[in-house]
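What follows is a short report on a single structure.
The values are calculated or read from the model by the stated rules, or taken from the named source; none is laboratory data. Note that this is a predicted model, so its numbers are computed, not measured. Counting neighbours? That spans all protein chains shown, and the Cβs are built from the backbone with ideal geometry, glycine included. Note: areas computed on protein heavy atoms with side chains; ligands, DNA, RNA excluded. Shrake-Rupley method; radii C 1.70, N 1.55, O 1.52, S 1.80 Å.
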Number of protein chains: 2
Amino acid sequence: MLRSHHCGALNENHSNQEVTLAGWVQKVRNKGFIVWTDLRDRYGITQLIFDEERTPKTVFKKSLDLGREDVIQIKGKVIERESKNSNMATGGIEILVKELTVLNAAKTPPFTIENQTDGGDELRMQYRYLDLRRAPIRDNLVFRHKVTMAVRNFLSQADFIDVETPYLIKSTPEGARDFVVPSRMNSGQFYALPQSPQTFKQLLMVAGFDKYFQIVKCFRDEDLRADRQPEFTQIDCEMTFVEQEDVLKQFEAMIKHLLIEIKDVKLDDFPRMTYSEAIQRYGNDKPDIRFGMTFGELNALAQNKGFNVFDSQELVVGIAVPGGISMTRKEIDAWIEWVKRPQIGSKGLVWVKCNEDGSYKSSVDKFFNAEDLAQWAKATGAQAGDLIFVMAGAKHSTRTQLSALRMEIGEQMGLRKADEFAALWVTDFPLLEWDEQTQRYHAMHHPFTSPKKEDLELLDSDPSKVMANAYDLVLNGNEIGGGSIRIHDTTLQEKMFGLLGFSEKEAQEQFGFLMDAFQYGAPPHGGIALGLDRLVAILGGSETIRDFIAFPKNNSGRDVMIDAPASLETAQLEELYLKSLPKDPS
Amino acid sequence: MLRSHHCGALNENHSNQEVTLAGWVQKVRNKGFIVWTDLRDRYGITQLIFDEERTPKTVFKKSLDLGREDVIQIKGKVIERESKNSNMATGGIEILVKELTVLNAAKTPPFTIENQTDGGDELRMQYRYLDLRRAPIRDNLVFRHKVTMAVRNFLSQADFIDVETPYLIKSTPEGARDFVVPSRMNSGQFYALPQSPQTFKQLLMVAGFDKYFQIVKCFRDEDLRADRQPEFTQIDCEMTFVEQEDVLKQFEAMIKHLLIEIKDVKLDDFPRMTYSEAIQRYGNDKPDIRFGMTFGELNALAQNKGFNVFDSQELVVGIAVPGGISMTRKEIDAWIEWVKRPQIGSKGLVWVKCNEDGSYKSSVDKFFNAEDLAQWAKATGAQAGDLIFVMAGAKHSTRTQLSALRMEIGEQMGLRKADEFAALWVTDFPLLEWDEQTQRYHAMHHPFTSPKKEDLELLDSDPSKVMANAYDLVLNGNEIGGGSIRIHDTTLQEKMFGLLGFSEKEAQEQFGFLMDAFQYGAPPHGGIALGLDRLVAILGGSETIRDFIAFPKNNSGRDVMIDAPASLETAQLEELYLKSLPKDPS
């Protein structure tokens, strides 16, 4: 071992001990006759002192050449500092160095290895191994380790078994695009990387494994939006002989356990909200309930009063911004411009100030009187001092736009606190959604989700009305998990594939093994999958998943550090019986 | 929840309780007026009783239709059995059934779901979800879960951090063949699936993570030998500021911990053996030291005595089979035929019986006298009653052949006991091996393994003599892990790539990021990777890794259950700018 202690271990109790430390040079302060050096490793920082009088001459001389990030080993004596630093675990001592070995000299890094670095995003991605040296990023990954260990131990103690499912599986056109892997031994054929272990975990239930979990990489070849990764990690779980309520209870307990164990935060029972309620009250199905500003629908109150902008629209809906009357006209205009940006795409905002004296001032005073506006205030829950923003338009887009506005105002008002946690279950999702483009139904969750028993008859008469035994777990305005009770009956599964536009042959080719399995004694089962990257980020007080992944890819799916993907040698392609085509074969 | 208890939970203490159980019908015994049914789940088996008198008529009637593997739910009362079965946890009770719901009827499975099944290998692979229902296979996977949890908790407590490294990386021609993944977003370019996270774990050490582990899937596109899988799981570990001894100690402690925790077996300190000693004494570098029969080299004793078969050969070497004089001539001939099979490829065996009276009888009595043979006995450690088998030939092939013979005799004599564990470290491997075919050196371990300091000068003068800081962990005659202290110096790494036939450009293209990283303060580091599939199999008392993998592939790399790999739709290939070529483009 090249060290007797790590750099976070020593304190006054070790005074006068001879120790050997190894680590990175964090900082050098040269006072001429004394050189102080901060030595860093994963565990902490220890101050070294090279002293013209007490340190051997050759060693002292060598210390003058030390530079940032050099890797060194030192031997020396623990001594108490003259002026202690109580903010550091090792702040009471320093090491009077007697021997110094430079294990590996370092070039000056392209950016500073400090909590606040001077390096830009791209540079830090290219030298990710240096960026990972910075305490905030390193701490994120240690934190991630703690979360996964806590998850594993919790689930293991609850009788879940960790079972590894295969990575080389079969491509299925349903859902997102697969990454595929050409098979050399089976020429012309391809494996696919799993988008999730969905069918395998269901087979494990058919096999009687009862409770399964896995923390597993999944893959989606999608055009990457900001903060999406082509490979991501899922906490994948499945249970047998359960109903929706059992799954919700089990994983509510897990999230509560994590928050206690990792963050020392005790959560109350999670509220439940139906999908349609979430859409109506928050404009989306993953509401951030850490703050209010819920939607008030104003159609009955605001239409047919002569204001054409409202009358012609499907939905008129508003939110009350707490204390918003203090906004200047300029600030209000800025919000109007904000919602009109193409990313949001709203036509504008109507505003109403609810003055402290009970009077109202609005941008539509011409069309609405105080009584009208009082009713709006009631519908949006506005109190004296609040400002109401109102939008009108098509139902879906207007809700989405107002939701974006609500979230941004919440953000700017500091209502989305990173150290405050609010979870809820969203339930009662529709089973199917109609896709105008392809003129067919898509599974809202996935094709294996079961319809609610009481809606089974609607499958034939009005499929769009069928509700699913599906549920999402939402934390701080992010969907961190979703699941369902699955279909476990061949006939129902066949019917579902039919609704999704599969021919019998296609269904058989792609999922024949699963429908076969259902005929040999498939138990009722259900489960959930949680996005680990996002869960860890949110628990860590951030929404940037990239900061919680050791080696993330950029928005083009590239690893700029190792420069992947890359060209193959022709021989490698030939062995796979493949030929690359030019991108534009014109 | 569809049950109040699982099928392994109930005993006499629950007598007279009303319970709800769910599970699979294991067995039905119809006595006319009474039907006994065994209900099975992961946790056990509970006996159900349907009684003409005490069970409601309609329920009793339904029970007559129950078949193997039907999934049912029952409600009933726990009653004590008249004749108890003390071999079962639930053997004291049975459930007098009052309500019966068939949750899912089952077709008769294609083979019996029993510990000893009537299903052949292929059928069981096709219906793997049914094979997984059999207790021995299910227990293997529960056992695997226990091993991984124990590994994770041990390493976590020893300050190792679980860090996920990427699966979509870059192809490198060194080593085995990569599986590649075409990139749609970067047309004409490919990712590769990792053969191991080697370079990433080294970068984590450069990043100061100090101690890393990961239980991770790795991929090799090799022509599959029996019991090799294209995807396999590795316990991957790396440590900073360590020397070989530190790594050995840490992972010896881990294996000891596993054996205590999982098998209640206490191991002594692991013996150490150099590579050359292992080759000389056991004929291979992963000796099974649970039994003797070590090699005795006989060149000095057996050559130049007029026996041409020996005189002309590079090596004469023998082993002593304990108690072997009881072998009949026919049995000895069978062994001679065994070693002459093409899989072994030996020319034959000379044998010597060491009689109890001190005399010798051999197949070469014409050439050697009793005194000669007494010396052979001494060299091979043969005692009175033993039989010596002697082989002669080229060094390498003869050792390999004799090693195969030793293992087979050990197997047949019952010396390779599944519940006995003998681990050792093999050290001092050569750094390089010369490959006649490609006329260049290959890395015996991998290109990142460091040479021993004292051999550094030999790198220029006689590379084949250089020893590596590499080590293998061997358990019961299987290599279950291997590792090394790595190179952490750019110049040495460049030299190593040069020896391995990389041009500077190739080295830079493929591993430039690593050599760059070494310039920014790379600490000394080393590690190990253990093959989880094999480790679990051996701990579980087997050498068949397939029985410890939930969904293994067959020898052609196919998953016959889901029928993968498979053809892609043309559109999918076009999106990837790829074209499949015919296998024989003539």
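When the range B:508-536 is filtered for residues that are within 14 Å of another protein chain (Cβ to nearest Cβ) and either small (G, A, S) or on the phi > 0 side of the Ramachandran plot (or both), the ones remaining, listed by number, are B:G512, B:A517, B:G521, B:A522, B:G526, B:G531. B:E164 meets all of the listed conditions (1) at the interface with chain A (Cβ under 7 Å from one of its Cβ atoms); (2) farther than 30 Å from B:I260 by Cα; (3) under 27 Å from the mean Cα position of the chain (by Cα) but one, namely (2).
Of all residues in the range A:373-386, those that are at positive phi have Cβ atoms under 8 Å from Cβ atoms of residues that are part of a loop (DSSP other than H, G, I, E, B) and crowded, with 16+ Cβ neighbours inside 10 Å, 6 or more apart or on another chain, in A:G381/A:T294; A:G385/A:P322. Counting only strands (runs of 3 or more DSSP E) that fall entirely inside the range A:391-445 and contain at least 1 residues that are over 21 Å from the mean Cα position of the chain (by Cα), the qualifying elements are A:432-435, A:440-443. One residue stands out in the range B:60-88 among those that are outside any strand (DSSP E or B) and among the acidic types (D, E): the one that is farthest from the other protein chains (Cβ to nearest Cβ), namely B:E82. If the condition is being in contact (Cβ under 8 Å) with a residue 60 or more places away in the chain and surrounded by fewer than 24 Cβ atoms within 10 Å (Cβ to Cβ), then the range A:202-220 contributes only A:I215.
In the range A:89-133, the qualifying residues are those that are under 30 Å from A:E12 (Cα atoms) and acidic (D, E), and the one that is farthest from the other protein chains (Cβ to nearest Cβ) is A:E94. In a loop (DSSP other than H, G, I, E, B), open to solvent by less than 60 Å² (accessible area, probe 1.4 Å) and either within 14 Å of chain B (Cβ to nearest Cβ) or in contact (Cβ under 8 Å) with a residue 40 or more places away in the chain (or both): is that true of A:F50 in this structure? So A:F50 does not fit the description; no. Identification of strands (runs of 3 or more DSSP E) wholly contained in the range A:303-385 with 2 or more residues that are of a type in the set (S, T, Y) yields A:360-362.
Pairing residues of the range A:162-188 that are under 18 Å from A:F219 (Cα atoms) with residues that are part of a loop (DSSP other than H, G, I, E, B) and of a type in the set (V, I, T), at Cβ distances under 6 Å and at least 6 apart in sequence or on separate chains, gives A:K170/B:I562.
No other residue among A:S183, A:S156, A:S171 is surrounded by fewer than 21 Cβ atoms within 10 Å (Cβ to Cβ) and within 9 Å of chain B (Cβ to nearest Cβ) apart from A:S156. The set of residues from the range A:62-84 being of a type outside the set (S, T, Y) and within 18 Å of A:A106 (Cα to Cα) comprises A:K62, A:L64, A:D65, A:L66, A:G67, A:R68, A:E69, A:D70, A:V71, A:I72, A:Q73, A:I74. Residues in the range A:550-571 that are in contact (Cβ under 8 Å) with a residue 12 or more places away in the chain and in contact with a strand residue (DSSP E or B) (Cβ under 7 Å, 6 or more places away or on another chain) were compared, and the one that is surrounded by the most Cβ atoms within 10 Å (Cβ to Cβ) is A:K553. Determine if the range A:452-462 includes at least one residue that is open to solvent by less than 20 Å² (accessible area, probe 1.4 Å), at pLDDT 95 or above and outside any loop (DSSP other than H, G, I, E, B). Among the residues of the range A:452-462, not one is open to solvent by less than 20 Å² (accessible area, probe 1.4 Å), at pLDDT 95 or above and outside any loop (DSSP other than H, G, I, E, B), which makes the answer no.
Can you pull out the residues in the range B:482-506 that are among the basic types (K, R) and either within 9 Å of chain A (Cβ to nearest Cβ) or buried (at least 16 other Cβ atoms within 10 Å of the Cβ) (or both)? Within the range B:482-506, B:R486, B:K495 qualify. Selection over the range A:463-520 of residues that are under 17 Å from A:R440 (Cα atoms) and among the small types (G, A, S) gives a count of 5. The single condition from (1) within 20 Å of A:R3 (Cβ to Cβ); (2) within 45 Å of the chain's Cα centre (by Cα); (3) surrounded by fewer than 21 Cβ atoms within 10 Å (Cβ to Cβ) that A:T112 fails is (1). Do you know which residues across the range A:269-302 are in contact (Cβ under 8 Å) with a residue 24 or more places away in the chain, outside any loop (DSSP other than H, G, I, E, B) and small (G, A, S)? Result: A:S276, A:A278, A:G296, A:A302. Out of A:E574, A:E543, one residue alone is more than 7 Å from chain B (Cβ to nearest Cβ), within 15 Å of B:V180 (Cα to Cα) and either at pLDDT below 95 or open to solvent by 20 Å² or more (accessible area, probe 1.4 Å) (or both). It is A:E574. For the range B:221-252, the set of residues classified as at pLDDT 95 or above and charged (D, E, K, R) consists of B:E231, B:D236, B:E238, B:E243, B:E245, B:D246, B:K249, B:E252, listed by residue number. Within the range A:313-347, being closer than 14 Å to A:A392 by Cβ and touching a residue at least 60 places away in the same chain (Cβ under 8 Å) holds for A:Q313, A:E314, A:L315, A:V316, A:V317, A:G318, A:I319, A:V339. Only one entry of B:F295, B:F310 meets the criterion of being under 27 Å from B:T427 (Cα atoms) and open to solvent by less than 70 Å² (accessible area, probe 1.4 Å), and that entry is B:F295. Looking at B:E479, B:E509, just one residue is open to solvent by 10 Å² or more (accessible area, probe 1.4 Å), modelled with pLDDT of 95 or more and either closer than 30 Å to A:Q126 by Cα or assigned to a strand (DSSP E or B) (or both), and that residue is B:E479. If I filter the range B:27-43 for residues that are in contact with a Cys (Cβ under 6 Å, 6 or more places away or on another chain), within 14 Å of chain A (Cβ to nearest Cβ) and open to solvent by 40 Å² or more (accessible area, probe 1.4 Å), do I get at least one hit? Yes, that holds for at least one residue. If only residues of the range B:194-236 that are in a strand (DSSP E or B) and among the acidic types (D, E) are counted, the one that is farthest from the other protein chains (Cβ to nearest Cβ) is B:D236.
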